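Participant: Encoded as structure tokens, here's the structure I'll be asking about.
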Amino acid sequence: MELIFFYAAPFFIACVAVVGAVMAVRRGRERSQAWNSGLVAEARCLRIYTTTHRHNNGSRTVRHFVFEFTTAEGRTVRFEEEDLPGTIVEDDFVPVHYTADRPEKATAQEPSRTANILGTTGILVFCGVIVAFCVVFMVVATAMNDAMGDF
């Protein structure tokens, strides 16, 4: 039982935090690459739907937007993005930024490099604090276990 509580659980939590950090960096990089590519197309909002995630102390509703656009090469691409401004409605046309090699990673968000960097940094700091807490917890648990074993 001690193994699960003092080592396995913190290790699992730290792994989830690392995966979250990697996903945040990846999405921030994809968004930055799309903005820097210089490729812009007009996309049509095909659908908007919401999902609700329930938690112990409440719930969170996320708006999902489905867009379709045609690349400069004539390829039709659909992609989905979350949490865009509520002013976008179905059948609206919005500019999207994309890369030529991966147009399905397009973004309809307005270019904001500062917000992108700050958002990614905030997530990294949060995940880093979680990992550090888990490591310290495991080190202290090991030290306490060793100290108790000496008596």
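Participant: Between PRO111, THR52, ALA132, whose Cα lies farthest towards the positive end of the dipole of the chain when Lys and Arg beta carbons carry +1 and Asp and Glu beta carbons carry -1, centred on the Cα centre?
Facilitator: PRO111
Participant: With n ≥ 4 as the cut-off for DSSP H runs, can you work out [θ] at 222 nm for the chain, using -39500 (n - 2.57) per run divided by the number of residues, rounded to the nearest 500?
Facilitator: Details: 2 runs with 67 residues, N = 151.
Helix contribution divided over all residues of the chain: -16000 deg cm²/dmol.
Participant: Would you mind calculating the gained length between ARG54 and THR87 on full extension (0.36 nm times residue separation, minus the Cα-Cα distance), in nm to one decimal?
Facilitator: 9.4 nm
Participant: Right, next: For an R0 of 22 angstrom, estimate the FRET efficiency from the Cβ-Cβ distance between ILE13 and HIS64 and round to the nearest 0.05.
Facilitator: 0.20
Participant: Per residue, how large is the accessible surface of the chain? Use a 1.4 angstrom probe and give square angstrom.
Facilitator: Working: 10130 Å² over 151 residues.
I get 67 Å² per residue for this part.
Participant: Looking at the chain only, what percent of DSSP beta bridges run antiparallel? Nearest 5 please.
Facilitator: Of all bridge pairs located within the chain, approximately 100 percent are antiparallel.
Participant: Assign one of three labels to region 13-106, namely rounded, prolate or oblate, based on the Cα gyration tensor with a ≥ b ≥ c the square roots of its eigenvalues; rounded applies when a/c is under 1.5, prolate when it is not and a/b is larger than b/c, and oblate otherwise. If you can, show how the numbers build up before the last one.
Facilitator: Values: a/c = 2.85, a/b = 1.34, b/c = 2.12.
Oblate.
Participant: Moving on to the next point. If you fit an axis through the alpha-carbon atoms of helix 9-37 and take the longest principal axis of the Cα set of the chain, what angle between them do you get, 0 to 90°, nearest 10?
Facilitator: Result, in degrees: 20.
Participant: Identify the residues of region 117-140 with backbone N under 13 Å of a label point that sits 7 angstrom from the Cα of ASN36 along the Cα-to-Cβ direction, or state none.
Facilitator: Taking a point 7 Å out along Cα→Cβ of ASN36, the residues of region 117-140 whose backbone N falls under 13 Å are 117.
Participant: Sticking with this one: Taking Cα centroids, how far is region 18-67 from region 111-140 in Å?
Facilitator: 19 Å
Participant: May I ask which residue of ALA147, THR120, ALA17 lies farthest towards the positive end of the charge dipole of the chain, with charges of +1 (Lys, Arg) and -1 (Asp, Glu) on Cβ and the Cα centre as origin?
Facilitator: The Cα lying farthest towards the positive end belongs to THR120.
The values are calculated or read from the model by the stated rules, or taken from the named source; none is laboratory data. Since the structure is predicted, the reported quantities are computational estimates derived from the model, not experimental observations. Note that each Cβ is placed from the backbone with ideal geometry, even for glycine, and that neighbours are counted across all protein chains shown. Surface areas here come from the heavy atoms of the whole protein model, side chains and all, with no ligands, DNA or RNA. Shrake-Rupley method; radii C 1.70, N 1.55, O 1.52, S 1.80 Å.
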